[in-house]
Amino acid sequence: MNHAILTIDDIASKNTPAIVDYLNEKGIKAIFFATGQNVQRYYEEAMYAVKNGMIVGNHSYSHPQFSKLTVVEGLEEILNCERVLDKLYKDCGVKRTFKPFRFPYGDKGGNNKDVFQQYLKENGFHKVDDTMLTYPWWKANNLNVDVDTLWTFDFAEYAIRPGSGFTKENVWARMHDMNPRFGAALFGEGNAHIILLHAHDETEEMLPGYYKLFLDHLLENGVVFDEPKFL
Ligand SMILES: [Zn+2]
């Protein structure tokens, strides 16, 4: 049996409430990593996620590559998203208990990596409990120590775009790849995961209900989604 924590990136979007409804119907509590600017753009949709039990975490304000930013620029990106999320939770009347963080593209900031990690540690960000991940490479890359949340499996469904040549069949192949270049085999015997999906309206346009299609496939294959916990 495979256990997993589900993370959904780049909210909010028009489609966010429908994704929230689906997850609640399936009893899945996910972490939604939001950019500040997408929350401002789709504020009602972001409120819907908070009010309906999802954990909304910080994914920067404008989704830059942190390795291309100065320390000051990077910290501004984190802080500006914090301001938006604090207001969001307040407007929802929901206490903001957990503050997980994910770098856009999983780019931890290159030469400034340690500064950003220190900042996250000292400013109340919460590390997602990843103690179920026992892969040697997870530890070898310090991912068991870093405060931000990377992932072990990425559907890459955001690549389904007009003319990209990447289709749902490619996602299917990724799901069944028993020897992936990054991460761990989704259905590898006993593997545990932090799974990455996105809430892009562009994907919904290309493949309506894409999140149901992929997540139903996981559920049918016995993947158990655990409630995210924090260290
Ligand atoms: Zn993202």
Q: Give the residues of region 86-113 that are away from the ligand (no atom under 15 Å from the Cβ) and either of a type in the set (Ser, Thr, Tyr) or part of a helix (DSSP H, G or I) (or both), sorted by residue number.
A: Asp86, Lys87, Leu88, Tyr89, Lys90, Asp91, Cys92, Thr97, Gly110, Asn111, Asn112, Lys113
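Given the options Gln118, Gln37, name the one that is surrounded by fewer than 18 Cβ atoms within 10 Å (Cβ to Cβ), more than 15 Å from the ligand (Cβ to nearest atom) and part of a helix (DSSP H, G or I). Break it down into steps so the answer makes sense when it comes.
Details: Gln37 fails: more than 15 Å from the ligand (Cβ to nearest atom).
On inspection, the qualifying residue turns out to be Gln118.
Which of the residues spanning region 127-151 are open to solvent by 50 Å² or more (accessible area, probe 1.4 Å) and either within 21 Å of Asn80 (Cα to Cα) or assigned to a loop (DSSP other than H, G, I, E, B) (or both)? Give the derivation first.
At the first step, the residues of region 127-151 found to be open to solvent by 50 Å² or more (accessible area, probe 1.4 Å) are 131-132, 134, 136-137, 139-142, 144-145.
Listed by number, the residues that qualify are Thr131, Met132, Thr134, Asn141, Asn142, Asn144, Val145.
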(Q) Taking the condition of being open to solvent by less than 20 Å² (accessible area, probe 1.4 Å), in contact with a strand residue (DSSP E or B) (Cβ under 8 Å, 6 or more places away or on another chain) and within 14 Å of the ligand (Cβ to nearest atom), how many residues in region 40-68 meet it? (A) 4
**Q.** region 171-219, residues that are free of Cβ contacts under 8 Å to residues at least 12 places away in the same chain and among the aliphatic types (A, V, I, L, M)
**A.** Ala173, Met178, Ala185
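The values are calculated or read from the model by the stated rules, or taken from the named source; none is laboratory data. Bear in mind that the values here come from a model prediction, so they are computed numbers and not experimental data. Because the Cβ atoms are built from the backbone with ideal geometry, glycine has one as well, and the counts that use them run over all protein chains shown. All accessible areas refer to the heavy atoms of the entire protein, side chains included, with ligands and DNA or RNA removed. Shrake-Rupley method; radii C 1.70, N 1.55, O 1.52, S 1.80 Å.
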